[in-house]
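Okay, so here's the structure we're looking at.
Read-outs: derived from the displayed coordinates by stated rules, not from any lab. This one's a predicted model, so the numbers in the text were calculated from it and none came from an experiment. Using ideal geometry, Cβ is built from the backbone for each residue, glycine included, and neighbour counts are taken over all protein chains shown.
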Amino acid sequence: MNDWSVVNGSTRIVAERYDAVSETIYVRFPNGVEWWYSACPPNIWEAFTAPGQSRGQFIHQVLNYKPNGRYAG
């Protein structure tokens, strides 16, 4: 699985990563809590990480409707 990538310019998350095998997006919030969102094929990851895309809005509008939960690393 990929290492965490730091997210600059987002007030909602501080890091993200993607597991293409399980099609799971992982996010780390400013308070240190990590969350997973599954059923995310590559096109969802690409849309989430597109330049200018608000991570917070994408989580609210798309990812929160995917299977998700707290990641225990």
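Per-structure values
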{"item": "Residue count, region 23-52 (criterion: surrounded by fewer than 16 Cβ atoms within 10 Å (Cβ to Cβ), out of contact with any Ser or Thr (no Cβ under 6 Å at 6 or more places or on another chain) and not aliphatic (A, V, I, L, M))", "result": "11"}
{"item": "Flag for residue 55 being basic (Lys, Arg), surrounded by fewer than 14 Cβ atoms within 10 Å (Cβ to Cβ), in contact (Cβ under 8 Å) with a residue 12 or more places away in the chain and on the phi < 0 side of the Ramachandran plot", "result": "no"}
{"item": "Hey, residue 25 β-branched (Val, Ile, Thr) and assigned to a helix (DSSP H, G or I) or not", "result": "no"}
{"item": "Residues located in region 3-34, provided they are aromatic (Phe, Trp, Tyr) and under 8 Å from the mean Cα position of the chain (by Cα)", "result": "18, 26"}
